[in-house]
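What follows is calculated from the coordinates using simple rules that are stated; it is not laboratory data. Not measured: the values here are computed from a predicted model. Cβ placement follows ideal geometry from the backbone for every residue including glycine, while neighbour counts extend to all protein chains displayed.
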């Protein structure tokens, strides 16, 4: 998440592990973009940044999903269980 947040197009991000038939689990990123950013270009840029900065096991093999907002608890923490439930594999 820290690496993805360094991308200038990213406003907020949450990464969860999703089931994968060969690898067990792989990372999937849920991203809220800054206003006016092209989604396709942002996804390409985010993937390139992550591929450059992290080990291959931490690369976004589960993909990148662009969201209008991330589900949060009343205290402001991201509800990862909701991400898994509604946006999972």
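Within the stretch 68-89, the residues that satisfy the criterion of being in contact with a strand residue (DSSP E or B) (Cβ under 8 Å, 6 or more places away or on another chain), surrounded by fewer than 16 Cβ atoms within 10 Å (Cβ to Cβ) and part of a loop (DSSP other than H, G, I, E, B) are 68, 69, 79, 88, 89.
Would you mind stating whether residue 50 is in a strand (DSSP E or B), surrounded by 15 or more Cβ atoms within 10 Å (Cβ to Cβ) and touching a strand residue (DSSP E or B) at 6+ places or on another chain (Cβ under 9 Å)? It is false that residue 50 is in a strand (DSSP E or B), surrounded by 15 or more Cβ atoms within 10 Å (Cβ to Cβ) and touching a strand residue (DSSP E or B) at 6+ places or on another chain (Cβ under 9 Å).
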